[in-house]
1. Suppose we filter region 272-291 for residues that are surrounded by 13 or more Cβ atoms within 10 Å (Cβ to Cβ) and not in a helix (DSSP H, G or I); how many remain?
2. Determine which single condition I96 fails, assuming it passes every other condition in (1) touching an Asp or Glu at 6+ places or on another chain (Cβ under 9 Å); (2) of a type in the set (V, I, T); (3) surrounded by fewer than 17 Cβ atoms within 10 Å (Cβ to Cβ).
3. Pull up region 137-176, narrow it to residues that are among the hydroxyl-bearing types (S, T, Y), part of a helix (DSSP H, G or I) and within 19 Å of P31 (Cβ to Cβ), then point me to the one that is modelled with the lowest pLDDT.
4. Please go through region 70-84 and give me each residue that is outside any strand (DSSP E or B) and closer than 11 Å to E130 by Cβ, ordered by number.
5. Go through (1) closer than 24 Å to V69 by Cβ; (2) surrounded by fewer than 18 Cβ atoms within 10 Å (Cβ to Cβ); (3) over 19 Å from the mean Cα position of the chain (by Cα) and name the single condition G122 misses.
Amino acid sequence: MREIDMMGARAAEQGREEKSLPTEYRGFVGPFGQVAVSLISRPISHHLHFNYTWMFKVRGPDVELDTPVGPKLIRDDNVLILNPRETHAKSHLTRIPMLALSAHVDSDWLGGVYKEAGIRLGRKFTNTEEPLTQEVRIAAARIVAMLLCYSPTDETHQVELVRDLSLAMGRSYLGGSGSDRASDGSAIDFRVARALRHIDGEKSFSKIGIDKQLANMEELGRQVGLSRSRFFERFRECVGTSPSRYIESVKIAYAMKLLVESDLPIKQIAEELGFSEHTHFTRFFVRRSGMTPSLVRRNQLASEI
């Protein structure tokens with residue numbers, strides 16, 4: 001069973017035809033975060049997620065991503081692992097797209113699952129790339145089969161599938177150890193940690209323009225006792241990205257939440273995020289997610305039918 005979607009083919013053989021809908025994007029959200037299959041072809045700017053991200057190849061050519069430890073290929077036999085706030089990007093246009101499974105798993109939810117199972121998460125998975133174990137391959141394939149072979153409407157089943165994948169990832173790659181270090185391996189600066197807690201809990205950082213947000217970040221640096229230059233330097237060392245990219249990722253995460261969980265028009269979501277024109281928001285969203293806001297919204301509506 002070389003490709004993950006062999007489980008999807010098996011399900012189809014048992015009477016469920018694979019849907020043609022998810023050739024671009026199909027996913028579901030829940031208390032665990034967000035899981036989706038999507039086509040990866042266009043370049044994607046450097047960005048980060050606030051959840052743990054696991055990426056698997058379903059079918060198509062290998063695709064290279066820029067990661068904190070350098071370029072890494074998503075292949076048939078591996079999984080790419082990104083910890084919260086680790087930046088990544090896709091630099092080049094791929095002529096033939098790859099269909100990928102991406103799991104963005106909520107940190108608190110994952111911590112609860114691992115605590116019940118006696119697995120110590122810490123703050124980080126150690127390696128960005130790991131070989132696929134049989135347990136992880138099967139758990140990922142079950143999610144692919146669900147997404148490609150029938151509509152993901154049963155939240156109980158969704159939670160069960162993501163829990164199984166999470167436990168497989170923990171047993172295969174954590175081995176009872178975790179890391180409490182910053183992105184550069186040093187101890188996390190408590191002043192930056194305090195600033196991050198403020199940003200993560202303050203939705204207004206998502207709703208105003210980048211220039212004003214950066215001004216707020218400078219003020220936040222002063223509040224935690226650091227000069228502008230020192231705060232921005234320590235922020236990059238601890239978080240692995242600049243304050244401006246971090247703010248952009250806050251905006252993307254909030255946009256995704258509104259697209260999936262609300263019925264607000266896309267134009268109004270753009271205004272909520274501080275964009276004067278919704279076309280500017282669409283370009284911003286595509287550069288950092290690889291898909292359009294309308295595609296995410298259409299998928300969410302289709303999954304509810």
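The values are calculated or read from the model by the stated rules, or taken from the named source; none is laboratory data. These numbers were taken from a predicted model, which means no experiment stands behind them. Because the Cβ atoms are built from the backbone with ideal geometry, glycine has one as well, and the counts that use them run over all protein chains shown.
1. Number satisfying all stated conditions: 5.
2. (1)
3. The first filter runs over region 137-176 and keeps only residues among the hydroxyl-bearing types (S, T, Y), leaving 150-151, 153, 156, 166, 172-173.
Still in the running and part of a helix (DSSP H, G or I): 156, 166, 172-173.
Of the ones still in play, those that are also within 19 Å of P31 (Cβ to Cβ) are 156, 166.
Working: T156: 84, S166: 94.
The residue in question is T156.
4. Narrowing region 70-84 to residues outside any strand (DSSP E or B): 75-77, 83-84.
D77, the sole residue that qualifies.
5. (3)
For (1) under 16 Å from the mean Cα position of the chain (by Cα); (2) hydrophobic (A, V, I, L, M, F, W, C); (3) in a helix (DSSP H, G or I), each residue gets a yes or a no:
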| site | (1), (2), (3) |
| --- | --- |
| M217 | no, yes, yes |
| F231 | no, yes, yes |
| F235 | no, yes, yes |
| I247 | yes, yes, yes |
| K251 | yes, no, yes |
| A255 | yes, yes, yes |
| L259 | yes, yes, yes |
| K267 | no, no, yes |
| A270 | no, yes, yes |
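Here is a yes/no grid of residues against (1) polar (S, T, N, Q); (2) part of a strand (DSSP E or B):
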position	(1), (2)
E86	no, no
A89	no, yes
H92	no, no
R95	no, no
A103	no, yes
W109	no, no
Y114	no, no
I119	no, no
N127	yes, no
